[in-house]
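What follows is a set of notes on a single structure, which appears directly below.
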Amino acid sequence: MTNNSAVKSPAAERSVSVRKIAVCALMSAMATVLMFISFGLPILPSYLKVDFSELPALLASFALGPAYGVAVCLIKNLFNLPATTTGGVGELCNFLLGALYVLPAGILYRRKQTRKTALIGMAAGVVVMTVCSFFVNLFVVYPAYLLIMPEQAIVDMYSVLVPWANEIWKGILVFNVPLTFCKGLLDAAFAFLLYKRLSPLLKGKH
């Protein structure tokens with residue numbers, strides 16, 4: 001026998017969908033702003049930036065589902081595209097790595113929504129993003145960069161900081177991969193601290 005109290009009416013389902021879209025838009029706006037205020041570090045080549053724009057995407061992935069987290073990653077990069085200084089290559093990299101981060105984290109968390117699972121999901125996301133960052137940079141991002149700038153110019157930005165990083169793959173291993181790992185850890189730490197407080201608002205529960 002069907003429990004009618006557990007079945008949502010079409011109006012209720014539409015209301016949930018509208019709320020999810022609204023929350024996704026809000027998270028996308030926050031992510032866009034955070035991406036705009038990215039900053040560099042003296043220990044990194046000038047074009048490698050630090051930002052916390054994956055944090056809203058991670059929160060969206062937990063609260064709404066992994067597809068919404070990926071949507072936030074896409075939207076923030078589309079809004080940043082007109083102001084790009086990398087010909088769109090940086091935005092492509094940011095989207096791919098962001099999606100690789102929030103997708104596994106969100107999928108694992110949706111299966112069992114506990115703090116422990118959230119930690120496991122974020123750890124999995126950090127590992128997947130960090131490992132894949134080497135291959136994404138080597139086979140997707142830097143070949144795109146080489147269409148608009150010479151290889152030696154890229155190598156020089158690496159080797160001036162670490163002399164033995166005299167090939168692109170070495171520079172990626174020394175700079176890009178550790179940066180990706182650290183960003184993932186910081187976003188995970190902030191998400192862990194904030195999610196429980198923000199969850200009722202994000203999910204529309206009181």
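Bear in mind that the values in this text are calculations on the coordinates, not laboratory data. Everything numeric here is computed off the predicted structure, so don't read it as measured data. Every residue, glycine among them, receives a Cβ derived from its backbone with ideal geometry; neighbour counts consider all protein chains shown.
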Helix-only mean residue ellipticity at 222 nm for the chain, each DSSP H run of n ≥ 4 adding -39500 (n - 2.57), per residue, nearest 500: -22500 deg cm²/dmol
message: Need one number: nm distance between label points at N166 and S199, each 7 Å from Cα along Cα→Cβ, rounded to one decimal.
response: 5.4
Amide hydrogen neighbours beyond the local backbone of V50, cut-off 5 Å, H modeled: F39, G40
statement: The whole-number value in µm²/s of the Stokes-Einstein translational diffusion coefficient for the chain, with Rh from the Kirkwood sum over alpha carbon pairs at 4 °C and 1.567 mPa s, is 72
- line: Residue separation between L119 and F134 times 0.36 nm, minus their alpha-carbon distance, gives in nm 3.1 nm
- prompt: Expressed as an acute angle from 0 to 90° and rounded to the nearest 10, what is the orientation of the C-alpha long axis of helix 177-203 relative to the principal long axis of the chain?
  reply: 20
message: Using the basic label-point model (7 angstrom from Cα toward the beta carbon), what is the A189 to V33 distance in nanometres?
response: 2.3
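If you average the sequence gap of Cα pairs under 8 Å that are 6 or more apart and divide by the length of the chain, what percent do you get for the contact order? Walk me through the intermediate numbers first.
Values: 258 pairs, mean separation 41.7, N = 206.
Computed value for the chain: 20 percent relative contact order.
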- prompt: Who wins for biggest fluctuation among I168, I148, I120 in a Gaussian network model of the chain, springs between alpha carbons below 10 Å?
  reply: I148
query: What distance in nm separates the simple spin-label points at F181 and L41, each placed 7 Å from Cα in the Cβ direction?
result: 1.2
message: Could you order the peptides 86-92, 158-164 from most to least packed, using the average number of other C-beta atoms within 10 Å per residue?
response: 86-92, 158-164
statement: Nearest 10, in degrees from 0 to 90: the angle of helix 115-136 to the longest Cα principal axis of the chain is 30
